[in-house]
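Below is one structure, written out as structure tokens; comments come after it.
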Amino acid sequence: MAETQSNAPSCANTGAPNALNTPTYGVIHVRTRLTADFTVISNALAQRRGSAVTIGVAAYILSVPDGARVSITALCAHFDEGEILISRALRELEAAGYLERRRVRGPNGKVRTQTFFYDVPRAAGERPLPPPPQSAPAGSSGSTPPEAPAAEAEAATEAAAAPPPLDLDEADPQAVVILASLRIVDRRLILSRSEVAELAPAVAEWLAQGLRPEEITGALTTGLPTHFRSRPARVLAFRLREAPLPAPQSALPPVTPLPPLTLPWQTCDGCERAFRAAEPCLCRGCEPAAAC
């Protein structure tokens, strides 16, 4: 009983391993070392300014294995956002250099879209490595086939140079709606799926320049010829061949007109009448008399 003992409770545990180094505001990370089922994302992408949908779509594409479908339809089935936001996110990733979509033709002649996603955004003008060559089918010999005739070789070169048709599922949904709605303004503008897929990238480029859908519709339907000599899609492609210039950030200041030139006063040498003229001379009333 002679010893002094305190019955006060001990201080509450802060829960931090090092309370001195723990910030008192902002986020505090509680990290766990992951050994499986995780994705490495650069801070340049994770902390990218702009739309959160774009970062979320990029993180999802990075997390799925090679060969997974990442088309607009597949992404809309996974996310709650609609086609407009998903397609806008893919365009932003393409513009930033993270995403590239290429259309390739397989051995069976079917065109498909290959999507390349980069951990680090690629520089302008770079292209992804070509896919590995397809293995030869069973039973085929390894001997080199005979050379094709000149006509067949020329046709094969032209076919390789021509771009493959686009996939409508990969097209901009807003551009598809604009093209499909042209028949409401002009009943002759009935476009097939392949024609809409071919024209959709040009319409998407016009949308990227800040034009509204009604402005694009007016540019495509105003002043059309009375009779078409070809498919209407050819006329629309001709009008969409070059995107308009983007609008300036601010309007030009109004041009101030120059003040009118005021001639000095002169005195007529004949009648002493005052009038305006560039130099001393006779007035209009004295000029005919002087000529006589």
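The values are calculated or read from the model by the stated rules, or taken from the named source; none is laboratory data. The model shown is predicted, which means the values in this text are computed figures rather than measured ones. Using ideal geometry, Cβ is built from the backbone for each residue, glycine included, and neighbour counts are taken over all protein chains shown.
Couple of notes before you dig in:
- All of GLY50, GLY56, GLY109 fail the test of being within 28 Å of GLN174 (Cα to Cα) and assigned to a loop (DSSP other than H, G, I, E, B), apart from GLY50.
- Flag for ALA89 being modelled with pLDDT of 90 or more, touching a strand residue (DSSP E or B) at 6+ places or on another chain (Cβ under 9 Å) and small (Gly, Ala, Ser): no
- Among the residues making up segment 76-94, those that are surrounded by fewer than 17 Cβ atoms within 10 Å (Cβ to Cβ) and either touching a Lys or Arg at 6+ places or on another chain (Cβ under 8 Å) or β-branched (Val, Ile, Thr) (or both) are ILE84, GLU94.
- The set of residues in segment 229-267 that are closer than 30 Å to SER194 by Cα, within 25 Å of the chain's Cα centre (by Cα), at pLDDT below 80 and of a type outside the set (A, V, I, L, M) comprises GLU242, PRO244, PRO246.
- Pairs, first modelled with pLDDT under 85 in segment 20-43, second not in a loop (DSSP other than H, G, I, E, B), C-beta under 9 Å, six or more apart: none
- Filter result (more than 19 Å from PHE116 (Cα to Cα) and not charged (D, E, K, R)) within segment 77-99: ALA77, HIS78, PHE79, GLY82, ILE84, LEU85
For every residue, the table says whether it meets (1) under 26 Å from ARG122 (Cα atoms); (2) surrounded by 10 or more Cβ atoms within 10 Å (Cβ to Cβ).
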position	(1), (2)
LEU34	no, no
ILE55	yes, yes
PRO65	yes, no
VAL70	yes, yes
